[in-house]
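Asks: Encoded as structure tokens, here's the structure I'll be asking about.
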Amino acid sequence: MAEIRPFAIMNIMHMLDIFAYPFMQRAVIAGVILAALLSVLGVYVLLKRMSFFSDGIAHASLAGIAIGIIFSWPPLIVALCLSAVFAWVIYWIERKFELASDTAIGILFTTGMAVGVLLISMRPGYQPELISFLFGNILAIQKDELWVIALVSMGIISFVALQFRPLTLLALDEELAHAAHVKTTLLQPLFYMILSLAVVLGIKILGVILVSALLILPSASARIVALSLKRFVWLSVCFAEGIVLAGILSSVVFNLPTGPMIVLSGTCCFVIALVLRTFRSSDYSL
Amino acid sequence: MDIMISIRNLSVIRDGLEVLQNIHADIRAGEIVAVIGPNGAGKSTLLKCLLGFLIYTGTITIFGKRPTHALDQIGYVPQRFTFDKNFPLTVAEFLRLSCDSQPAIKHALKEVEMDAYHDALLGRLSGGQLQRVLIARAIANSPKLLLLDEPTTGIDLGGEKDFYEIIAHQNQQHDVTIVMVSHEVNMVYTHATHVLCLNKSVCGMGRPNETLTRDVLELLYGRDTAIRDHEHHAHA
């Protein structure tokens with residue numbers, strides 16, 4: 001037993017050499033940036049109960065990926081542009097026709113998917129971008145994509161940091177936000193747009209099927225244990241970073257797909273938060 | 001006294017229905033005005049117009065400005081404040097979302113006797129405590145006008161009494177003009193200096209004893225209710 005342990009450690013250390021490769025470094029950098037971005041926005045997604053919005057935008061962005069593939073344009077850029085348009089259309093349908101959010105999202109979600117599937121079907125053969133879109137592939141991130149992820153994420157995080165109080169008030173109650181001078185008719189569609197952009201960026205690492213996990217799991221775990229908004233936001237970011245790094249590391253160690261390992265790390269984090277909350281229940285009463 | 005709020009030809013149409021029709025009203029500085037009327041009379045709509053939250057025709061001026069330009073002098077307490085009770089937001093953090101000054105937040109919480117709850121979670125407060133915090137939020141920026149939409153809904157009798165004491169204190173000690181929507185006619189006699197009777201259009205406005213006549217109550221609530229309320233008040 002004593003002889004096996006050093007061998008196992010040496011084996012793991014040998015596996016970790018993979019982090020010397022540029023593709024792995026790009027994966028870690030992209031993961032760290034997107035974890036921060038999605039976990040901060042996840043706070044608002046939870047507060048406004050908008051998880052269906054992120055799911056809807058993720059699925060609808062298939063149309064953007066397909067247009068990019070068909071016309072040989074960068075699929076990520078096309079999907080980003082189209083998702084911003086979808087976000088604005090959802091807001092407009094909600095306001096103009098006073099339709100419930102989930103109805104507007106449902107319409108865009110299915111339309112985007114239908115357009116995407118139709119366009120993809122026009123191009124025969126194996127489509128690696130499509131598989132990457134569905135399941136994500138953090139290890140396949142290219143240098144130019146990393147730049148797009150970094151620049152868009154920094155822009156969104158800066159915007160959220162500057163507008164933190166108005167955004168939180170708006171998420172709590174639109175009337176209160178208006179009474180506090182928040183330009184609600186401008187900030188609301190802007191929030192929809194930045195959330196859409198973040199979701200599409202997240203698709204690069206987790207794919208359309210799993211991207212919501214990185215929005216929901218860190219913030220849901222943080223909400224369970226946090227006793228103030230400030231801690232909620234910071235814990236959400238810390239949990240997300242831990243979840244992404246643990247997911248990447250475990251996928252390397254066990255030679256398993258990265259996306260699902262990130263999601264399962266998030267699930268473990270959520271369970272640990274639940275257990276912590278159970279043992280510290282006295283802190284949560286007045 | 002100076003006219004603080006001037007409303008002229010105010011009409012609001014929502015979903016093809018006229019919710020408010022040709023409203024004319026003046027509210028002077030220092031008044032406590034109760035806006036009363038039956039369900040669907042347009043009371044909350046009027047308040048939202050005063051905030052510039054709804055599209056309307058006609059003219060509203062507050063301190064001589066359009067409502068949206070006068071928001072820095074208005075405090076607002078909504079009819080319903082529904083939020084996720086498990087959201088980890090403390091009372092102080094909630095107030096900080098709309099007020100920059102920490103001393104002003106502490107003072108506002110003290111005014112409503114909620115200073116002990118500075119770090120309490122908002123979702124753990126009772127209905128009455130939450131209402132006090134909403135008032136603290138509304139007065140934290142030292143407004144000259146408070147708009148309250150059915151502020152005692154869901155509060156017990158003790159909480160209601162405390163609430164009206166806080167409102168009277170704001171009015172008398174800090175010269176805050178109050179406009180509050182209420183479905184409770186009897187509170188008008190004890191807690192308001194003026195009453196605005198609304199049933200899509202203005203049925204009457206002035207001092208409660210002069211305004212709440214049998215005819216006005218009948219216009220508001222129908223014949224039977226009008227007689228009962230009027231007699232009840234006469235005996236009281």
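No lab work stands behind these numbers, since they all come straight from the coordinates. Fair warning: this is a prediction, and the values are worked out from it, not measured in the lab. Cβ coordinates were reconstructed from backbone atoms using ideal geometry, including for glycine residues, and neighbour counts include every protein chain displayed.
Asks: Which whole number gives the average count of other chain Cβ atoms within 10 Å of the Cβ atoms across peptide B:3-14?
Replies: Details: counts 0, 0, 0, 0, 0, 0, 0, 0, 0, 0, 0, 1.
Across B:3-14, the average partner-chain Cβ count within 10 Å equals 0.
Asks: So if I place +1 on the C-beta of Lys and Arg and -1 on the C-beta of Asp and Glu, and nothing else carries charge, what would the dipole magnitude of the range B:3-235 be about its Cα centre? I want it in debye, nearest 20.
Replies: Numbers: 22 positive and 26 negative charges, 111 e Å.
That gives the range B:3-235 a dipole magnitude of about 540 debye.
Asks: Decide, for the range B:1-114, between rounded, prolate and oblate: order the square roots of the alpha carbon gyration tensor eigenvalues as a ≥ b ≥ c, take rounded if a/c falls under 1.5, and otherwise choose prolate if a/b is larger than b/c, else oblate. Before the final figure, lay out each step's value.
Replies: On the way: a/c = 2.26, a/b = 1.55, b/c = 1.46.
Prolate, since a/c reaches 1.5 and a/b exceeds b/c.
Asks: Moving on to the next point. Would you mind checking the tilt of helix B:157-174 against the longest principal axis of the Cα atoms of chain B, expressed as 0 to 90 degrees and rounded to 10?
Replies: Rounded to the nearest ten degrees, it is 90.
Asks: Give the angle, between 0 and 90 degrees and rounded to the nearest 10, that separates the Cα long axis of helix B:102-111 from the longest principal axis of the Cα atoms of chain B.
Replies: That works out to roughly 50 degrees.
Asks: For the protein assembly as shown, what is the convex hull volume of its Cα atoms per residue in Å³?
Replies: Details: hull volume 93.6 nm³, N = 522.
Cα-based convex hull of the protein assembly as shown, divided per residue, equals 179 Å³.
Asks: Rounded to two decimal places and with Rh computed the Kirkwood way over Cα pairs, what is Rg over Rh for the range B:3-235? If you can, show how the numbers build up before the last one.
Replies: On the way: Rg = 17.9 Å, Rh = 18.4 Å.
Rg/Rh: 0.97.
Asks: Moving on to the next point. List A:Thr185, A:Thr168 from most exposed to least, where exposure is judged by having the fewest other Cβ atoms within 10 Å. Don't skip to the end; give the middle numbers.
Replies: Details: A:Thr185 11, A:Thr168 23.
By the 10 Å Cβ count, ascending: A:Thr185, A:Thr168.
Asks: Moving to a separate point now. Can you give me the relative contact order of chain B as a percent, contacts being Cα pairs under 8 Å and 6 or more apart? Don't jump to the answer; show the numbers that get you there.
Replies: Values: 431 pairs, mean separation 58.5, N = 236.
It comes to 25 percent, rounded to a whole number.
Asks: Separate question: Relative to the Cα centre, what is the charge dipole magnitude of the range A:176-286, using +1 at the beta carbon of each Lys and Arg, -1 at the beta carbon of each Asp and Glu, and rounding to the nearest 20 debye?
Replies: 200
Asks: Here's another thing I want to ask about it. Express the C-alpha Rg of chain A as a ratio against the empirical globular expectation 2.2 N^0.38 Å, rounded to two decimals.
Replies: Working it through for chain A, the quotient is 1.06.
Asks: Oh, and also: Counting only GluC sites (Glu not before Pro) that are in a DSSP loop and have at most 14 other C-beta atoms within 10 Å, tell me the longest site-free stretch of chain A.
Replies: In chain A, the maximal stretch lacking such sites is A:99-286.
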